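These notes concern the structure reproduced below.
The values are calculated or read from the model by the stated rules, or taken from the named source; none is laboratory data. Nothing here was measured: the structure is a model prediction, and the numbers come from that model. No Cβ is skipped: glycine too gets one built from the backbone with ideal geometry, and neighbour counts run over all protein chains shown. Surface areas here come from the heavy atoms of the whole protein model, side chains and all, with no ligands, DNA or RNA. Shrake-Rupley method; radii C 1.70, N 1.55, O 1.52, S 1.80 Å.
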Amino acid sequence: MPSAGIVRCSAWPPILTGVSEQPTTDPGRRPAGARRPARRHTGGRRGESRGAGDTGGATDGAPRHSPEQRRVAREARYAARRALVPPIRYPEDLPIAARRDEIAAAIRDHQVVVLAGETGSGKTTQLPKILLELGRGIRGTIGHTQPRRIAARAVAERLAEELDVDLGGVVGYQVRFTTQVGRDSLVKVMTDGILLAELQRDRDLRRYDTIVIDEAHERSLNIDFILGYLKALLPRRPDLKVVVTSATIDPERFARHFADAHGRPAPIVEVSGRTYPVELRYRPLVRDGLPAKDGTPGPPVEIDQVTGIVEAVEELWTEASGHDEVANHDILVFLSGEREIRDAADALAGLGLPDTEIVPLFARLSAAEQHRVFAPHEGRRVVLATNVAETSLTVPGIRYVVDTGTARISRYSQRTKVQRLPIEPVSQASASQRAGRCGRLAAGVCIRLYSEEDFDARPAFTDPEILRTNLASVILAMTNLGLGDVAAFPFVDPPDARNIADGVRLLEELGALEASTGTRSAAGSADERRRLTAYGRSLAQLPVDPRLGRMVIEADRLGVLPDVLVVVAALSIQDPRERPLDHQEAAALSHKRFAVEGSDLAAYLRLWTYLREQQETLSGSAFRRMCKAEYLHYLRIREWQDLVAQLRQAAKG
């Protein structure tokens, strides 16, 4: 197989944030003899949505129909979809229910609406119902994006439950490796990466008559790219409605971004969320030491984070025992990552709190394990979560919050040219979102494990990802889509010129960009005349960082593709070998058998072979027990295997 052959796998989109969200099948591949679709307008008049039921012109060899026959067939299809809309009811206890008429009027009268609501207002689950009542989802699908897989699945399940329909029918969802969407789906919940994948084959998004960009305040690279793309697309699609939902974090910025031709910003509809006051308590980890014998203050003492969490949970658990005006007294603890969650879970389990369940929540958990958080339960529950529970998911029954004040935030180092994932203090806006998770049942309490002075000194908002990431993958994506100069693209916040120049330079080093036939822009970015080479077109189809993708292409040329796919996938995820702080020596001894002298990468191949052999001989539960005993992370192993399969599918093209 020639190295450039990977280009033919047209289903694989440009990657914006590491491992992208990809369809599990290749719907973009044309059958032999089929006509190439038009680049932009794929049937019907300009501005007419085609996604649901309009078959457009006939392919070669198929009977041709008159315009009137196509119109009648299209209207019949619309009528059939209209009949699928189930009875719609709204939970009256959700704040958005009282504002639904105002929201519907704004959407009906404007092409873009910004819906700002506090956590728990019901905007995510109730907005699709409002859109269905408006008649959206008939001439095209309602596309509803989520920044995380766990949220996309949970939102789709909740919406299907409230509409009393089967998941995969009227309401479907699509995330990486999983698709439950039917031809008759009116609402499709998906990750923003899936929507980006579809841009490869549907530049005008004609499959959709409405796009909902949920949790836009997170300002991920994918979200900012989609917002910029939609701004450029809307003049070509006057029938397309866009709703941008955000927590109450600077919604005016989104409104200004989608200002009309006269400079009027998009309308903002605000919905309240929290209905009870929240008491903030500061319990910093650095505390005053014991006074000296002469009465002078002693040196400050710093306790570790796990101890601070244990003390906070004990305080809240004891306080909750003194009253029972509400049934639930669950506690939500925010931590920065899986390791921190595991350490806190072990410490809390050691407390032996009666009738109390410790439940972890992070993105890599299986669907069944994630569902535990939303399932009814007896007794009390302490939920240990990453920032996935900050805005993407509403954990039910929360009365108290413990905020460690940190999160893992991806940053690109201009000096070292390396993308890092350090643990950093969260912004004031994120801290407020975390506190807002309690107080929905009754008066809530949020304990912050840092001082009030620390909070006041923090930045108001988290920097958008586009301002703190390597832009090579963005430039690759935009060049592949023919979107021109990155510096001229309508991002909500334009990226740093130095990061653009670094991204262009990296793509040149990888051989992905042809030599410029014109001048560079003032920002030093590639102008619209820069084109992708064969290598660049291949890289744009692979679901990994361009540097790792270049390894895949070269491995194909050298005939060592199977082994390199395993290594590239391993480098794209967190190391599946665990090294707990309290068992480092045992873990190192267990992992030593995979070591290969002179090559850390070859150790991945030895580990891969061992895991495949064990999976062939052990049952699923026995394999999980083996992973735990040998300090191997089962969920990361599963992700590793899924990504290898994904890369293998891409390479088959």
Fill in: Subset tally (residues that are surrounded by fewer than 15 Cβ atoms within 10 Å (Cβ to Cβ) and touching a residue at least 60 places away in the same chain (Cβ under 8 Å)) for segment 420-460
3
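Each row is one residue, and each column tells you yes or no for (1) without any contact (Cβ under 8 Å) to a residue 40 or more places away in the chain; (2) under 30 Å from THR479 (Cβ atoms).
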| position | (1), (2) |
| --- | --- |
| LEU561 | no, yes |
| VAL564 | yes, yes |
| ARG579 | no, no |
| ASP582 | yes, no |
Worksheet item: So which of LEU94, LEU127 is modelled with pLDDT of 95 or more and surrounded by 16 or more Cβ atoms within 10 Å (Cβ to Cβ)?
Response: LEU127
Fill in: PHE374 being touching a residue at least 12 places away in the same chain (Cβ under 8 Å), open to solvent by 30 Å² or more (accessible area, probe 1.4 Å) and of a type in the set (Phe, Trp, Tyr)
yes
Discussion item. Given the options TYR631, TYR610, name the one that is open to solvent by less than 80 Å² (accessible area, probe 1.4 Å), at positive phi and out of contact with any Cys (no Cβ under 9 Å at 6 or more places or on another chain).
Written reply: TYR631
Worksheet item: Quick check: is even one residue across segment 44-64 open to solvent by 40 Å² or more (accessible area, probe 1.4 Å), in a loop (DSSP other than H, G, I, E, B) and modelled with pLDDT of 90 or more?
Response: no
Practice prompt. Considering only residues that are touching a Leu at 6+ places or on another chain (Cβ under 8 Å) and charged (D, E, K, R), look in segment 164-199 and name the one that is surrounded by the most Cβ atoms within 10 Å (Cβ to Cβ).
Written response: GLU198
Worksheet item: Would you pick out the residues in segment 133-192 that are more than 19 Å from the chain's Cα centre (by Cα) and at positive phi?
Response: GLY135, GLY137, ASP164, GLY168
Practice prompt. Among the residues of segment 133-147, count how many are outside any loop (DSSP other than H, G, I, E, B) and surrounded by fewer than 22 Cβ atoms within 10 Å (Cβ to Cβ).
Written response: 1
Worksheet item: So is ALA477 in a loop (DSSP other than H, G, I, E, B) and open to solvent by less than 50 Å² (accessible area, probe 1.4 Å) or not?
Response: no
Item to complete: Please identify the pairs in which a residue from segment 638-651 that is among the hydrophobic types (A, V, I, L, M, F, W, C) and at pLDDT below 90 has its Cβ atom under 9 Å from the Cβ atom of a residue that is open to solvent by less than 10 Å² (accessible area, probe 1.4 Å) and outside any helix (DSSP H, G or I), counting only partners at least 6 apart or on another chain.
Response: ALA650/CYS9; ALA650/ALA11; ALA650/TRP12; ALA650/GLN22; ALA650/LEU542; ALA650/PRO543; ALA651/CYS9; ALA651/LEU542
Discussion item. Of the residues ALA487, ALA497, only one is surrounded by fewer than 18 Cβ atoms within 10 Å (Cβ to Cβ) and small (Gly, Ala, Ser); which?
Written reply: ALA497
